[in-house]
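The values are calculated or read from the model by the stated rules, or taken from the named source; none is laboratory data. Please read these numbers as outputs of a predicted model, since none were measured by experiment. Ideal geometry is used to build each Cβ from the backbone, glycine not excepted, and the neighbour counts take in all protein chains shown. With ligands, DNA and RNA removed, areas are computed over all heavy atoms of the protein, side chains included. Shrake-Rupley method; radii C 1.70, N 1.55, O 1.52, S 1.80 Å.
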Amino acid sequence: MPKLAPFALMDERPPRKARPQYLIVFLLFFAIPLFLIHLPLLSLPYFWDELGQFVPTALDLLRSGTPVAHSTVPNVHPVGVEAYLALCYKLFGFSVEVTRVAMLAMGACGLLLTFLLAIELSRGTKGAPAFLPPILLLISPLFYTQSMLAQLDMPAMVFTLLALLLFVRGQYVWAAVACVTLVLVKETGIVAPFVFCCALALKKDWKRAGWFAISAVVLAGWLVLLHAKTGYWLGDAAFGRYNVSYALNPVRIAIAFPRRLFYLFCGEMRWIGTLVVILTAAKCKAFHTREWAVVGAVAGMTIILVSILGGAELERYVLPVLPLFYIAASVGLTAVRKPWAIVATTAMIAGLVLCIRWNPPYPVPFENNYAMVDFVHLQQAASAYAEHNLRDRKIATAWPYTAGLRNADLGYVEHGMKTVETGDLHFASVKRLPVEKFDTLITYTREWVPGGVTENRLVQQFIRRFYQWAPDITPEQCEELGLREKVSWSLGGQRSAVYIRKPAHEE
């Protein structure tokens, strides 16, 4: 087989006829299973960023027509997802259930697109490897949670897959349209049109390359609008510092990049798929195609970009690459002897299912698996207690839980409560709050950190210096501030507690 230039592309293919069997596949294998496994969670109140950012922004767009948030802090993220949610709210009314169903419908489209892209990328291989990638994606802990959350990365995954599918099919005009939608969903989606533009420019196909430059113009237009409305190119000064200047520290980049690679290629038993790809890359002809060169470039540049930007270093940032990994692993399995392929596939499936409930022995965000559900249930319990017993009190707690207590739209309380917000639950942060501003404190576990990980002195020094880490306030420190624990709840290794200020004569 002749050696191919990295960005040499296929000729444009004739349009494909619609295949009605894809609708059957979509419903039977993707949409119905996805909805069934999430059925018990359709009424789950909002979690973290959807609580503090994306749902309030969608409601602002629905009620006032403004694309720049005003009921929460605006930021650089375009409003593609919020526009989709606002449309759903307009058609079906606003509720948690509508939000969950809307996101699951998009997640089901992502499973179908994974299947269709796998068909394109596995041509010439034995068997039917296109069915395995969407199955692996469906049971992945990260997709399990993100497919129902009103956040950006799962929709960014969907439109990345759509853009790739159209591009490898040679449908460049529609691929350019998909790329415009992609950058309106999330700004880091600019990677895909950039790769496509470069690939076509290397062929000196300047006209088609120009179509993909439109995405950059659209994204620039959003930034101009954001600057005009807020005075900041990224929407907010603090957001810019945290996600750009803070994230660009070389030490944090040096940690973020291998963390991305570990999660994607080793975590949750994916090391098996990585080993399969490494062992079969040379002999599997499907990998030596123009299509895979483009897919590899999009995947690689996405990993690099999300390792450089984004102060939170969340695993969900690599979600657009996850189905591409599963497609590669499935293609590689076709070049493995059948008994070993069955063993490898079974082990990967078992590992993914296990990790939906199992927390790893290192720090991770709750949104990576079912721990997110436990987190929300704890906040529900604290909210119910506060609404029934603390309605007239001024409650201090950390963002974004303040939004849940203050805004009755968000599923935690029936009537908004008085809140005082702190960015975290460190002792120093709570101590800085003026005593007259609050008389109740609600604490909650904010990240999965197994016991002992942050107790090492050298580890503490490192994360204090480069990650501004500090331990959360303890019950003993609350006592020092005149706060007595009234009630607490524990679930899945997490804890939430309500502290009430002692009467003056008891202090």
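So which pairs qualify, if the first residue must be in region 449-461 and surrounded by 10 or more Cβ atoms within 10 Å (Cβ to Cβ), the second must be modelled with pLDDT of 80 or more and in a helix (DSSP H, G or I), the Cβ gap must be under 9 Å, and the two must be at least 6 apart or on different chains? These pairs meet every condition: Val453/Val459; Thr454/Gln460; Thr454/Ile463.
Report yes if Met106 is among the aliphatic types (A, V, I, L, M) and open to solvent by 10 Å² or more (accessible area, probe 1.4 Å), otherwise no. Quick ask: steps written out before the conclusion?
On the way: among the aliphatic types (A, V, I, L, M): yes; open to solvent by 10 Å² or more (accessible area, probe 1.4 Å): yes.
Answer is yes for this residue.
Ala156 falls short on exactly one of the conditions (1) more than 30 Å from Leu51 (Cβ to Cβ); (2) of a type in the set (Gly, Ala, Ser); (3) crowded, with 24+ Cβ neighbours inside 10 Å, and that condition is (1). Do we find a residue being more than 25 Å from the chain's Cα centre (by Cα), under 28 Å from Tyr89 (Cβ atoms) and either open to solvent by less than 40 Å² (accessible area, probe 1.4 Å) or modelled with pLDDT of 95 or more (or both) anywhere in region 396-416? Checked against the condition, which is being more than 25 Å from the chain's Cα centre (by Cα), under 28 Å from Tyr89 (Cβ atoms) and either open to solvent by less than 40 Å² (accessible area, probe 1.4 Å) or modelled with pLDDT of 95 or more (or both), region 396-416 yields at least one hit.
The number of residues in region 325-339 being open to solvent by 10 Å² or more (accessible area, probe 1.4 Å), touching a helix residue (DSSP H, G or I) at 6+ places or on another chain (Cβ under 9 Å) and part of a helix (DSSP H, G or I) comes to 3. Is one or more of the residues making up region 352-373 free of Cβ contacts under 8 Å to residues at least 24 places away in the same chain, farther than 30 Å from Val276 by Cβ and not in a helix (DSSP H, G or I)? Checked region 352-373: no residue is free of Cβ contacts under 8 Å to residues at least 24 places away in the same chain, farther than 30 Å from Val276 by Cβ and not in a helix (DSSP H, G or I). Taken over region 340-352, the criterion of being of a type in the set (Ser, Thr, Tyr) and surrounded by fewer than 20 Cβ atoms within 10 Å (Cβ to Cβ) is satisfied by Thr346 alone.
From the list Leu202, Leu248, Leu219, Leu223, exactly one residue is open to solvent by 70 Å² or more (accessible area, probe 1.4 Å), within 19 Å of Cys179 (Cβ to Cβ) and in contact (Cβ under 8 Å) with a residue 40 or more places away in the chain. Which is it? Don't jump to the end; show me each part of the working.
On the way: Leu248 fails: within 19 Å of Cys179 (Cβ to Cβ); Leu219 fails: open to solvent by 70 Å² or more (accessible area, probe 1.4 Å); Leu223 fails: open to solvent by 70 Å² or more (accessible area, probe 1.4 Å).
Being open to solvent by 70 Å² or more (accessible area, probe 1.4 Å), within 19 Å of Cys179 (Cβ to Cβ) and in contact (Cβ under 8 Å) with a residue 40 or more places away in the chain holds for just one of Leu202, Leu248, Leu219, Leu223, which is Leu202.
With a cut-off of at least 1 residues that are at pLDDT 90 or above and crowded, with 20+ Cβ neighbours inside 10 Å, name the helices (runs of 4 or more DSSP H) lying wholly within region 3-76. It would help to see each step written out before you state the result.
Values: elements: 20-25, 32-38, 55-64.
In region 3-76, 32-38, 55-64 are the helices (runs of 4 or more DSSP H) which contain 1 or more residues that are at pLDDT 90 or above and crowded, with 20+ Cβ neighbours inside 10 Å.
For Arg316, the criteria (1) assigned to a helix (DSSP H, G or I); (2) touching a residue at least 24 places away in the same chain (Cβ under 8 Å); (3) within 18 Å of Ile463 (Cα to Cα); (4) not aromatic (Phe, Trp, Tyr) hold in every case but one, which is (3).
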